[in-house]
Amino acid sequence: MAGLRPQPPSSAATHHSFTAKLLLLLTLLPLSLAIFAFLLQWRGGGIDDPISRWSPDESHKFPGMDSSPLATVGHSSSHSSDCTTLFGHSSTASFPYRDWKFNFHADLKPKICVTTSTSAGLEQILPWMFYHKVIGVSTFFLFVEGKAASPKVSKVLESIADVKVIYRTKELEEQQARSRIWNETWLSSFFYKPCNYELFVKQSLNMEMAIVMARDAGMDWILHLDTDELIHPAGAREYSLRQLLSEVPKNVDMVVFPNYESSIERDDVKEPFTEVSMFKKNYDHLTKDTYFGMYKESTRGNPNYFLTYGNGKSAARIQDHLRPNGAHRWHNYMKTPNEIKLEEAAVLHYTYSKFSDLTSRRDRCGCKPTKDDVKRCFMLEFDRSAFIIASTATEEEMLNWYREHVVWTDRALNLKLLRKGILTRIYAPMTIIQGLRESGIFRSIIANAQGSLSKDKFLASIESSNSSRASASILLDSRKIGRDRASQSAARKALDISSDELAVPPLSPPLIDEDAQIET
């Protein structure tokens, strides 16, 4: 009977059975996960990505956007203005929000405004403006001159809700000559110098006026941006500047956005906002070892790590005694502001992103193309070199210089710097602006503004209204800006008591030989 007793399974058989079950589990597990992921993507669930939240079926929309027939107006009609051709001809929108209406309700907080000083055209201003509307900016104060102040452009800008257009008239210049900061020493070192210095002073004076207008409009935050700069609100729960600033602690007065610089990969870029996706990160968003370890490869023989400035831009909470501190910062007459620097969000600076930027800067400036004279005109070394090249070289020599110093054509180097984190890809702005373009909103705004009047009436109304609008706004603001001064001498005395630090100019990033100094 003992021979009929069942024998226990051998250890080899047990091991074989366990191995078979383990292999089966390892086979089924990834297959199940793949099927689960496919179902999530197919149903549109489980993906917490800002771009994926643009479905029109979602109740969670970008702030301040309701249904509007704006994008459908005028698609079938032909437009006489050349402006409409700047924004494409597609009448079929692939962007989910075809019928956006940028109405910002009183209960949306915080209220954010942007001020700028610009001479750009609609092809640059409209994408810049509506991108910032998408991410939560409600009001714009545009100080315009040059092309931006022309009837064709300014009429369109004035037709947009929550946009205040201020013209650079003789009355404005006289008013600003009586303003408080014009009579204070912290800005005086930039006075009576051409080109970039003159622009820097204009921006500061305009920012002073914008603070008054922002307070009157009930704004909570103010930013100063150029029209070649886009805020990238990374780090917030949504791709929203409003969300980002709503999370700033109440005791913080100012927020610094480190700037990233565009790194173009072609020399024929025409529309930087929708053609450029590669950017060089700011020193503040890199480790010191990475920054200085890759410094020489990152500069490619240029004077500095960035072509232009590296000290970012800032947003300020609207409060009493607020003043500009140059184009890059804000300050307060009565206290040292509590300022923080954001660890993920940035301002994207599209600098020298078009070859024509070389000649446009040259044409705006009357300096001599010599090493000594350009120092009077430009604060940063690359701007000086670019001006000399644009003033002395042939077209072919200029293009070769541009390719060598601005265009990133070495793909192996690009890949290396991308892997190291020096360079990065950012697609959200180009996706938003391309979507706005395809929705037809830019063409509709132009058509509505210019179609409201006949051509003759349109030009006549602009010529007669520009001065009256500008004068009215100037008189209102002038009373407020100058209300606390008995005279210019009194203002200077007040300054001597309140502040003696100089305005913050555009500054280059740290140089490699400053390593020891920074560590100290």
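The values are calculated or read from the model by the stated rules, or taken from the named source; none is laboratory data. Worth saying up front: this structure is predicted, and the values here are computed from it rather than measured. Cβ placement follows ideal geometry from the backbone for every residue including glycine, while neighbour counts extend to all protein chains displayed. Surface accessibility is based on the protein's heavy atoms, side chains included, excluding ligands, DNA and RNA. Shrake-Rupley method; radii C 1.70, N 1.55, O 1.52, S 1.80 Å.
Kindly write out, for the range 431-448 in residue order, the coupling ³J(HN,Hα) from the Karplus curve 6.51 cos²θ - 1.76 cosθ + 1.60 (θ = phi - 60°), rounded to whole Hz, with x marking Gly and Pro.
Listing the rounded values in order: 5, 5, 5, 5, x, 4, 4, 5, 5, x, 5, 5, 5, 5, 5, 5, 5, 5 Hz.
Under unit Cβ charges (Lys, Arg +1; Asp, Glu -1), what dipole magnitude, rounded to 20 debye, does the range 238-297 have relative to its Cα centre?
Here the size comes out at about 220 debye.
For the range 300-363, what is the charge dipole size about the Cα centre, in debye to the nearest 20, if Lys and Arg each add +1 at the Cβ and Asp and Glu each add -1 at the Cβ?
160 debye
Please report the projected area of the range 104-242's Cα convex hull averaged over all directions, in nm².
9.3 nm²
Let me understand the range 320-410 better: what is its radius of gyration from the alpha carbons, and its Dmax, in angstrom?
Expressed in Å, the Cα Rg and Dmax of the range 320-410 come to 18.0, 54.
Return the long-range amide H neighbours of I231 (sequence gap of 5 or more, or a different chain), with a cut-off of under 5 Å between placed amide H atoms.
L348
Any chance you could look up the accessible area of C367 with a 1.4 Å probe, heavy atoms only, rounded to 10 Å²?
Answer for C367: close to 10 Å² accessible.
For the range 212-322, divide the Cα radius of gyration by the Kirkwood radius and give the resulting Rg/Rh value with two decimals.
My calculation puts Rg/Rh at 1.02.
Put F18, F140 in order of accessible area, largest first, 1.4 Å probe: what do you get?
Numbers: F18 130, F140 0 Å².
Highest to lowest solvent-accessible surface, that is F18, F140.
Considering amide H positions built from the backbone, and no H for Pro or chain starts, which residues 5 or more places from R266, or on another chain, come under 5 Å of its amide H?
W408
Using a 1.4 Å probe, how large is the accessible area of F378, given in Å² and rounded to the nearest 10?
10 Å²
Largest first, what is the accessible-area ranking of R403, R419, R180 with a 1.4 Å probe?
Listed by decreasing accessible area, they come as R419, R403, R180.
For K21, what accessible surface area do you get with a 1.4 Å probe? Give it in Å², rounded to 10.
Accessible area of K21: about 140 Å².
Among the listed pairs K280/K416; K288/K375; K281/K341; K111/K164; K193/K371, which have their C-alpha atoms separated by more than 21 angstrom in this model?
Those over the limit are K288/K375.
Eigenvalues of the Cα gyration tensor times 5, then square-rooted: what semi-axes does that give for the range 271-372, in whole angstrom, largest first?
Taking √(5λ) for each Cα gyration eigenvalue gives 28, 22, 15 Å.
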